[in-house]
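Participant: Dumping the structure here so I can ask a few things about it.
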Amino acid sequence: MKRILVLVLLFAAACNQSTNTDANRVIISGIDSSKKPGDDFFLYANGIWFDSAKIPESQTGVGAYSFMNYPQRIRLQGLLDSISATNNTAGTIEQKVGDFYASGMDTNAINKRGYEPIKPVLAQIDAITDLTSLLKLVADEQKHGNGSFLGFYVGPDNKQSNMNIAQLYQTGIGLPERDYYFKTDASTLGIQTAYKNYLTTLFTLIEFDATTAEKNASITFDIEKQLAASHKTNIELRNINANYNKMAVAALSKKHPNIGWTTLLSNLGAKVDSVNIGQPAYYDKLNTLLTSVSLNDWKVYLKANALTSYANFLSRPFVDANFEYSKILTGQATKKTRSEEMTQAVDNSLGQALAQLYVKKYFPEDAKKRMAVLVNNLKKAFEVRINKLDWMSDSTKAKAKEKLNAFTEKIGYPDKWRDYSKVEVNRTTYFENRMSANKNDYAYSLAKVNQPVDRTEWYTTPPTVTAYNNPAMNEIVFPAGILQSPYFDLYADDALNYGGIGMVIGHEITHSFDDQGAQYDKVGNVTNWWAKSDFEKFKARTQQVIDQYNSFTVLDTVHLKGALTVGENTADIAGVAIAYDAFKLTEQGKDTTKLDGFTPDQRFFISIARIWRVKTRDAYMRMYVNTNPHSPARWRVNGPLMNFTPFYKAFDVQPGDKMFKPENERITVW
Ligand SMILES: [Zn+2]
């Protein structure tokens, strides 16, 4: 729950790339010329692939990009298969990574143990006699990765971004977000039932009779529903200032006597006299519920938390129960392979160790140099755009440029790697391995409290196919995982790279100037650096973005949530424009020579459509639209392009075409 804006590139990909690396360039093929580019550019550029792509039963979607796309996953799985088959020296990262993976692959050993690994915590819950022992258990569980009703983390102080402080956020629910407890449409009701069934099954598996198991599920659901009622919506959570409520622990303890913050924070190991309480209403509610709900019901709820937190580390019936629920939530038909799951598990638990092996083998150092040039060109293009803005005063422009020039860029992988020397990994004890990694993560995070922010830290693992902007450090980060095709190719022409990774860079730069990022200054503090009237004009423009995206229909009656996605959409709209301007500064950008029958501009726009090439299951899409701040792929292409005049020129978009907007309705923010 770090305060970062993440460009999440979702979905596993089993994509038949129709761009092939030639000797020194990339060929474009697979255009669906039965579609008019001005009607639906996403389908024009991707239609042949889109119509024929099959979503594997074990996936929620396919595409050219993903958290761990298919080729990337195969590489990581291959690394892990080979390292786990080697006899590695004890204590080395190779041993830890290899044995961690091997322990997870050893399902015979895991199945034999049933739920024995969580019997101690279940016994501790049974032994709870009062609120004090209940809260002690919640604090201890936090250290093992079971957050329960406590959302505790350490992160930069938004008003003093060079210091880390203790932070609290709303949590305590099992469904994806608050609305899932209150909506009454058929799809939501189906998910509620699946969730209750899941809890019932888990209780049955720890040997409760069917009636009690069902009752326990409903007790848990009722507590969660009450907690959910106090949650802010994901749109309300975008209000940065409302999430900042720094308070003295003594005062907070007085306000919430049942929680007893002084003791709780001490049990968490946090020696602090103030905390930021992100969403106070949640903790007000929790404080009340701690006495209005019976201790016995709380014990049931805590058991449910332990079960859902650890189910995937236990024997097969627990893993199956979890899958039965996620099937309804995401539409995924069969489980992922164990190897795929374990690759993800190693990435979660020992990410920077696996990353070291990955970059050594797969990351070309030349990519760093080329990226540095690209980022620099994008920054220059953005600066020119700032100069040309007709709605912003010179004084605010100067501040915006100061911020732009103060950016930090991180490319590829961190300069220093995380230390895993305290993580104990044994080839036969998967559960304990995970707990050891969780404890190490907790200690790592806790050690930062009230300490200066380490500006070299990374918030994603380098093999991940993603990029992010962290406004608290005024930085943009491009891990090794995204520095490959179709985003980036050392052998591709500029049109494709600027439409690919260039667009991603532009997007990430813009996050520092979207509805949220614009409230952070050049060092990462939330302070207002805008002239008042400029900020009002800026808000009016982002409101246009909200209104336009609200009108996009995703599925049957499901519309995009404009207010939830405004930051991402602003970044997409400006990202395209900045990348295009930077492209126009290159030799190819000034030329008109066709390649594969396309002009340089056309290739640039096709590249944009290809990086968002994705096809997903409907159930997954429903959840995505409700919970994800990004627009679905199709709207990440068609949305920005219908607002961008050079696109109209490149593909001769005319009135009557479905994407056509009159010039005065085309939105530019930056
Ligand atoms: Zn983004």
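Participant: Does region 296-336 hold any residues that are in contact (Cβ under 8 Å) with a residue 24 or more places away in the chain and of a type in the set (F, W, Y), and which are they?
Facilitator: W298, Y301, Y310, F313, F318, Y325
Participant: Among the residues of region 649-658, is there at least one that is closer than 14 Å to S551 by Cα and surrounded by fewer than 21 Cβ atoms within 10 Å (Cβ to Cβ)? Reasoning before the result, please.
Facilitator: Step one: filter region 649-658 for residues closer than 14 Å to S551 by Cα, giving 658.
Narrowing further to those that are surrounded by fewer than 21 Cβ atoms within 10 Å (Cβ to Cβ): 658.
Yes, because at least one residue in region 649-658 is closer than 14 Å to S551 by Cα and surrounded by fewer than 21 Cβ atoms within 10 Å (Cβ to Cβ).
Participant: Looking only at residues that are open to solvent by less than 60 Å² (accessible area, probe 1.4 Å) and among the charged types (D, E, K, R) in region 284-335, which one is nearest to T132 (Cα to Cα)?
Facilitator: Filtering region 284-335 for residues that are open to solvent by less than 60 Å² (accessible area, probe 1.4 Å) and among the charged types (D, E, K, R), the one nearest to T132 (Cα to Cα) comes out as K299.
Participant: In region 429-439, is there at least one residue being more than 16 Å from the ligand (Cβ to nearest atom), touching a His at 6+ places or on another chain (Cβ under 6 Å), in contact (Cβ under 8 Å) with a residue 12 or more places away in the chain and not in a strand (DSSP E or B)?
Facilitator: The initial filter retains those residues of region 429-439 that are more than 16 Å from the ligand (Cβ to nearest atom), namely 429-439.
Filter once more, keeping what is touching a His at 6+ places or on another chain (Cβ under 6 Å): 435, 438.
So of that shortlist, the ones also in contact (Cβ under 8 Å) with a residue 12 or more places away in the chain come out as 435, 438.
Of the ones still in play, those that are also not in a strand (DSSP E or B) are 435, 438.
Looking through region 429-439, at least one residue is more than 16 Å from the ligand (Cβ to nearest atom), touching a His at 6+ places or on another chain (Cβ under 6 Å), in contact (Cβ under 8 Å) with a residue 12 or more places away in the chain and not in a strand (DSSP E or B).
Participant: Return a yes/no flag: does region 573-594 have any residue that is open to solvent by less than 30 Å² (accessible area, probe 1.4 Å), within 25 Å of N241 (Cβ to Cβ) and within 14 Å of the ligand (Cβ to nearest atom). Even if it seems obvious, please write down each step before you answer.
Facilitator: Our first condition is that a residue be open to solvent by less than 30 Å² (accessible area, probe 1.4 Å); within region 573-594, this holds for 573-580, 582-583, 586, 589.
So of that shortlist, the ones also within 25 Å of N241 (Cβ to Cβ) come out as 573-574.
Imposing the further condition that a residue be within 14 Å of the ligand (Cβ to nearest atom) reduces the set to 573-574.
Scanning region 573-594 turns up at least one residue that is open to solvent by less than 30 Å² (accessible area, probe 1.4 Å), within 25 Å of N241 (Cβ to Cβ) and within 14 Å of the ligand (Cβ to nearest atom).
Residue-by-condition table, conditions (1) among the polar types (S, T, N, Q); (2) open to solvent by 10 Å² or more (accessible area, probe 1.4 Å):
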site	(1), (2)
G38	no, no
G47	no, no
T89	yes, yes
D99	no, yes
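Participant: Being part of a loop (DSSP other than H, G, I, E, B) and open to solvent by 30 Å² or more (accessible area, probe 1.4 Å) is the filter here, so list the residues in region 449-468 that pass it.
Facilitator: Taking region 449-468 first, the residues part of a loop (DSSP other than H, G, I, E, B) are 449-451, 453-466.
Scanning region 449-468 gives N450, Q451, D454, R455, T456, Y459.
Participant: When you scan region 256-302, how many residues do you find that are hydroxyl-bearing (S, T, Y), in a helix (DSSP H, G or I) and touching a Lys or Arg at 6+ places or on another chain (Cβ under 9 Å)? Please lay out each step first, then the result.
Facilitator: So in region 256-302, the residues hydroxyl-bearing (S, T, Y) come out as 262-263, 266, 274, 282-283, 288, 291-292, 294, 301.
If we keep only those that are in a helix (DSSP H, G or I) too, we end up with 262-263, 266, 282-283, 288, 291-292, 301.
Of the ones still in play, those that are also touching a Lys or Arg at 6+ places or on another chain (Cβ under 9 Å) are 263, 282-283.
Matching residues across region 256-302 total 3.
Participant: Do you know which of the residues in region 617-638 that are out of contact with any Phe, Trp or Tyr (no Cβ under 7 Å at 6 or more places or on another chain), within 16 Å of the ligand (Cβ to nearest atom) and of a type in the set (S, T, Y) is farthest from D51 (Cα to Cα)?
Facilitator: T627
Participant: Test of understanding: among R427, R434, which residue is open to solvent by 30 Å² or more (accessible area, probe 1.4 Å) and either modelled with pLDDT of 95 or more or out of contact with any strand residue (DSSP E or B) (no Cβ under 8 Å at 6 or more places or on another chain) (or both)? Give the steps one after another, and end with the answer.
Facilitator: Details: R434 fails: open to solvent by 30 Å² or more (accessible area, probe 1.4 Å).
Residue meeting the stated conditions: R427.
Participant: Another question about this same structure. Give L483, L496, L446 a once-over and let me know the one that is modelled with pLDDT of 95 or more and crowded, with 21+ Cβ neighbours inside 10 Å.
Facilitator: L496
For every residue, the table says whether it meets (1) within 12 Å of the ligand (Cβ to nearest atom); (2) open to solvent by less than 50 Å² (accessible area, probe 1.4 Å); (3) not assigned by TED's automatic domain parsing to the domain that holds Y580.
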residue	(1), (2), (3)
G506	yes, yes, no
I509	yes, yes, no
Q519	no, yes, yes
N525	no, yes, yes
W530	no, yes, yes
E536	no, no, yes
R541	no, no, yes
Q544	no, no, yes
Q548	no, yes, yes
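Participant: Would you please list the contacts, defined by Cβ atoms under 7 Å and residues six or more apart or on different chains, that run from a residue in region 217-234 that is closer than 15 Å to T201 by Cβ to a residue that is open to solvent by 10 Å² or more (accessible area, probe 1.4 Å) and part of a helix (DSSP H, G or I)?
Facilitator: Partner pairs satisfying both residue conditions: A217/K196; A217/T200; S218/K196; T220/V300; F221/K196.
The values are calculated or read from the model by the stated rules, or taken from the named source; none is laboratory data. Since this is a predicted model, take the numbers as computed values, not measurements. Cβ sites come from the backbone with ideal geometry, for glycine too, and all protein chains shown count toward neighbours. For accessibility, only protein heavy atoms count, side chains too; no ligands or nucleic acids. Shrake-Rupley method; radii C 1.70, N 1.55, O 1.52, S 1.80 Å.
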